[in-house]
Amino acid sequence: MSQSTSPTKSDLPQPLAAVDFSDAECAAIRVALLGWYRLYRRELPWRDIQDPYLIWVSEIMLQQTQVATVVAYYQRWAQRFPTVEALATASLDEVLEQWAGLGYYRRARFLHESSKTVLEEMGGRLPRSAGQLRKLKGVGPYTAGAIASIAFGQPEPLVDGNVERVLARLRAVRGDAKSGAFQKLWWRLAARVLDPEEPGDFNQALMELGATVCTPQNPNCEDCPVRGVCHASRTESPTDFPSPAKRTRQRPVRVRSLVVARELRAQNDGALTREFLLLKRPLDGIWGGLWECPSVEVSARAADSKVFGALQDFLASAAGLMLEDPTQLQRIGEFVHHFSHIKMQVEADYWDASGQKNAVGAPAARLHDASARPYKWVPEDALDAVAMSAAMRKILALYRARD
């Protein structure tokens, strides 16, 4: 099919190996896209900076997270950890406190771990090539291409969801954009059209176009700078390209969480203080390394007696607390928390554990259990500084709002 011919459903470019840009189209796209980007790009705090470390941080934060959400986190992070050394020498708890609420916490753990590698094995400087960057934990092909091109001016392409959509529409390609064959196509096209003189700006322009103009729904074709070479814009429905992704079915999960608090009398002035029990989650799995209220996953149809028994066993083994009777619990609320693959039904209760004689310290058996989870009692006025998930914050909000 000629690239100057408007595509139809029957003559879309196939096979994928034949999908390409001509030299003239590449030149036109580069000029139009870079000119548009310089005029209309969003002003973001990680743009127009020369620090490869902060560019790396921004790209990790932007993975699977909207720009509007990232801005405030990035600014706080840059103040708290302005250099690779500052990040590498911080504790994981400090890192997770800054990340709390941003989600996908493995990104923060990998960023922290990789900062140590950069400091200890690379002289404190990120490598310039995409191949070397990919040796860092948490840095995949996209992030390596972004850092290499934006921070170091290397002619490296990148592909994310926005780029996939723009390329699919430019060539009017249908199909599963995430399949292996199409991933190879996107990377080939991204490399083909990349501006070798200004790769960093061009890559950002391509992503910016997908984020602000060539959006998943209701693309603004009228104002698109590359409309002249876009095949999808000549069809009745540009949003048909690429084919709609199959939705991941969410697995239902039921969790019972317990806000455990106790009052202690200060030795110096006799004033009462309230503190809360928090446990650290395992590094593997959701919310890895964050602190949480005691929580147990239970069967969707588990009877109240079994749920209570699970809470009893967990509190006894985890922190040496004896929960004796269901009437000690006060329901404070419930809500649904969504992940990409999980629909979590969270039920929250409150328990005043002030009278517990063995509330401090763990059973002797637990002290010798290498798999035991760390726990701590946190004063009420220090809760907001602890690294917790958004779901745990919702539970504490329910506690604070109780009658």
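The values are calculated or read from the model by the stated rules, or taken from the named source; none is laboratory data. Not measured: the values here are computed from a predicted model. Counting neighbours? That spans all protein chains shown, and the Cβs are built from the backbone with ideal geometry, glycine included. In case anyone asks, the SASA skips ligands and DNA or RNA and just uses the protein heavy atoms, side chains included. Shrake-Rupley method; radii C 1.70, N 1.55, O 1.52, S 1.80 Å.
Once the Cβ-Cβ distance of Asp352 and Ala310 is raised to the sixth power relative to R0 = 22 Å, the FRET efficiency obtained is 0.65.
For segment 145-193 versus segment 63-118, the inter-centroid distance based on Cα atoms is 26 Å. With an a/c value of 1.5 or above and a/b not larger than b/c for the gyration tensor axes a ≥ b ≥ c computed over the alpha-carbon atoms, segment 268-345 is described as oblate. Shape analysis of the chain places it in the prolate category; the axes a ≥ b ≥ c from the Cα gyration tensor give an a/c of at least 1.5, with a/b above b/c. Across the chain, Cα pairs under 8 Å and at least six residues apart give a relative contact order of 16 percent. Per-residue surface analysis assigns Lys306 an accessible area of about 150 Å², computed on protein heavy atoms at 1.4 Å probe radius.
Heavy-atom accessible surface of segment 164-223, averaged per residue, reaches 39 Å², computed with a 1.4 Å probe.
Of the listed residues Asp381, Asp201, Asp269, the order by accessible area with a 1.4 Å probe, largest first, is Asp381, Asp269, Asp201.
Note on Asp284 and Arg402: the extension gain reaches 39.2 nm, defined as 0.36 nm multiplied by sequence separation minus the Cα-Cα distance. In the structure shown, the pairs Lys116/Lys394; Lys280/Lys343; Lys246/Lys280; Lys184/Lys246 are assessed against 30 Å; a Cα-Cα span above that value is assigned to Lys116/Lys394; Lys246/Lys280. Counting only protein heavy atoms and a 1.4 Å probe, segment 39-110 has 48 square angstrom of accessible area per residue. Distance distribution P(r), segment 214-270, all Cα-Cα pairs, bin width 5 angstrom from 0: 4, 12, 14, 10, 6, 5, 5, 5, 5, 6, 6, 5, 6, 5, 4, 2 percent. The spacing between segment 290-353 and segment 220-238, judged by their C-alpha centroids, is 52 Å. Expressed as a whole percent, the accessible area of the chain that falls on carbon and sulfur atoms is 50 (1.4 Å probe). Using the Kirkwood radius built from alpha carbon pairs, what does the Stokes-Einstein equation give as D for segment 65-107 at 25 °C and 0.890 mPa s, in µm² per second? Reported coefficient: 226 µm²/s.
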